[in-house]
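In what follows, a single structure is set out as structure tokens and then discussed.
The values are calculated or read from the model by the stated rules, or taken from the named source; none is laboratory data. The structure displayed is predicted, hence computed values, not measured ones. Every residue, glycine among them, receives a Cβ derived from its backbone with ideal geometry; neighbour counts consider all protein chains shown. In case anyone asks, the SASA skips ligands and DNA or RNA and just uses the protein heavy atoms, side chains included. Shrake-Rupley method; radii C 1.70, N 1.55, O 1.52, S 1.80 Å.
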Amino acid sequence: MTVNVITLGCKVNRCESGSIITTLREHGFNASEGLEPADVYVLNTCSVTAEADKKSRQYLAKMRKLNPDCRIIVVGCSSQNDREKFLQSNVFAVGGTRNKSEFVLNCFAELKNKPKTDKYSIISDIILYENFDKSKGTYSYCYESYPSNSSTRAFIKIQDGCDRFCTYCIIPYLRGRSRSRSIDDIVSECEWIESREIVLTGIDMSAYGKDIGRTFSELIRAMSGFDARKRIGSLECEVVDDELLSAMSEGNFCPHFHLSLQSGNNAVLRSMNRKYDCDFYYGKVELIRKYFPTAGITTDIIVGFPTETQEYFDESCAFIEKCAFSDIHVFPYSSRAGTLAAKKYKTLPPDTVKERVAKLLEIKKTLHDRFIADNIGSIATVYTEDLENGYNVGYTPNYIKVYSSAPCGEITTLKLTEPFADGLLGVPI
């Protein structure tokens, strides 16, 4: 029996899919990742936007096209949010966000007792599963098995859940309260993996340790002894301080910070229930550059939030340019049923949002091009991972994409010479 796991959404989902694959392999199943012909598919869904929900459901048809007789197991945020929309043909079971590996393994135990028929009895085959644990107790484990990782990059989940309840976001309702892994457990996983680069990730990493009496900086210091290149995923600005930046500098962490902003206007930030203002945020940007002058600082921006007037949008654009981000993830506002924003505010006209997205994409390109130009002529260690546009590609510590002849799977010192595609050309030295 062949099993393919398909992952949508965030790096946390990627970690959890890796755990599903490892668990299945340990129990004798031929499991791998990717959308290829298979007997059984496991779809790990995303619900961060309405478009993500739609994309998650569209994958069911893609699986049926590859194998009309396949059986499908659905897990993740989108199925946690609305299970009924996944009750389609070929779907054997629908779970949510809790204990995905255990749920999938239990499904395979049930599959053995369910002979294939021409028509699937969806309702009777659905396995109702408990939702996330709403307690705020210590999150003593993340996986039944450590996730499978490539020899190149490993994503390590350090935390799950979120207590922020930003007015636009559905994820806290789907993932539950913030729960942290122990530092010892995380360090044990780092010792187990063989990847050249480690990326720490979580639903809200900035909340790491609050429920277990530890701090994020303590975790960073505990990882300083590992030789692998180390990166940190998305952070909230309040966790950035001298202690964290000092620990990162001494522990040889990459100078790349994804610092969520969402809007560069204080009134919009308040209506989003974000816990900072622009002055506070900019202070953190300056502090990062004090420790890491060539840092890549990227961010997320939601365009067209219902309280965003044209004046507020213009102020937001000016603040974004002031921060001089190296790159921006631009998202048009997506109203999510069940959130406070969806209940309280009327959405803006689609044409208005579209125009603002186009304007911000122009700013994004200008800032990205400027950051690329500032790094021409510099020397950087590049971890080369894949083949693209006729070159081997990888990323500098400050997260510039580099195209070169450097061998894949190795960290090579390169001179960055000129713009190419969405990054720079590099020459081994």
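Output the qualifying pairs, or none if there are none: Cβ atoms under 7 angstrom, residues six or more apart or on different chains, first residue in the stretch 387-402 and touching a residue at least 24 places away in the same chain (Cβ under 8 Å), second residue of a type in the set (Val, Ile, Thr) and outside any strand (DSSP E or B).
Asn398/Thr294; Ile400/Ile372; Val402/Thr396
Residues in the stretch 319-338 that are open to solvent by less than 50 Å² (accessible area, probe 1.4 Å) and part of a loop (DSSP other than H, G, I, E, B): how many?
7
Restricting to the stretch 274-307, name every residue that is touching a residue at least 24 places away in the same chain (Cβ under 8 Å), assigned to a helix (DSSP H, G or I) and under 23 Å from Thr366 (Cβ atoms).
Correct list: Cys278, Tyr281, Tyr282, Lys284, Val285, Ile288.
Is it the case, given these coordinates, that Ser263 is small (Gly, Ala, Ser), under 30 Å from Thr309 (Cα atoms) and touching a residue at least 60 places away in the same chain (Cβ under 8 Å)?
no
Out of the stretch 144-172, which residues are in contact with a helix residue (DSSP H, G or I) (Cβ under 8 Å, 6 or more places away or on another chain), at pLDDT below 90 and open to solvent by 20 Å² or more (accessible area, probe 1.4 Å)?
Across the stretch 144-172, the qualifying residues are Glu144, Tyr146, Ser148, Asn149.
Is at least one residue of the stretch 60-69 under 24 Å from Ala342 (Cβ atoms), part of a helix (DSSP H, G or I) and at pLDDT 85 or above?
no
Any idea which residue in the stretch 237-253 is farthest from Met223 (Cα to Cα), counting only those that are open to solvent by less than 10 Å² (accessible area, probe 1.4 Å) and assigned to a loop (DSSP other than H, G, I, E, B)?
Val240
May I ask you to say which residue of Ala406, Ala358, Ala341 is in a loop (DSSP other than H, G, I, E, B) and over 24 Å from Phe257 (Cα atoms)?
Result: Ala406 is the single residue among Ala406, Ala358, Ala341 that is in a loop (DSSP other than H, G, I, E, B) and over 24 Å from Phe257 (Cα atoms).
For the stretch 371-383, state whether one or more residues are within 24 Å of Ile297 (Cα to Cα), more than 24 Å from the chain's Cα centre (by Cα) and in a helix (DSSP H, G or I).
Looking through the stretch 371-383, at least one residue is within 24 Å of Ile297 (Cα to Cα), more than 24 Å from the chain's Cα centre (by Cα) and in a helix (DSSP H, G or I).
Tell me which residues, restricted to the stretch 173-201, are over 22 Å from Glu218 (Cα atoms), surrounded by fewer than 19 Cβ atoms within 10 Å (Cβ to Cβ) and either free of Cβ contacts under 8 Å to residues at least 12 places away in the same chain or not charged (D, E, K, R) (or both).
Those that are over 22 Å from Glu218 (Cα atoms), surrounded by fewer than 19 Cβ atoms within 10 Å (Cβ to Cβ) and either free of Cβ contacts under 8 Å to residues at least 12 places away in the same chain or not charged (D, E, K, R) (or both): Tyr173, Ser195.
Under 6 Å by Cβ, and 6 or more places apart or on different chains, what pairs join a residue from the stretch 329-346 that is closer than 20 Å to Val357 by Cα with one that is assigned to a strand (DSSP E or B) and among the aliphatic types (A, V, I, L, M)?
Val330/Ile301; Phe331/Ile302; Pro332/Val303; Tyr333/Ile302
Filter the stretch 83-100 down to the residues that are of a type in the set (D, E, K, R) and open to solvent by less than 50 Å² (accessible area, probe 1.4 Å) and list them by number.
Lys100
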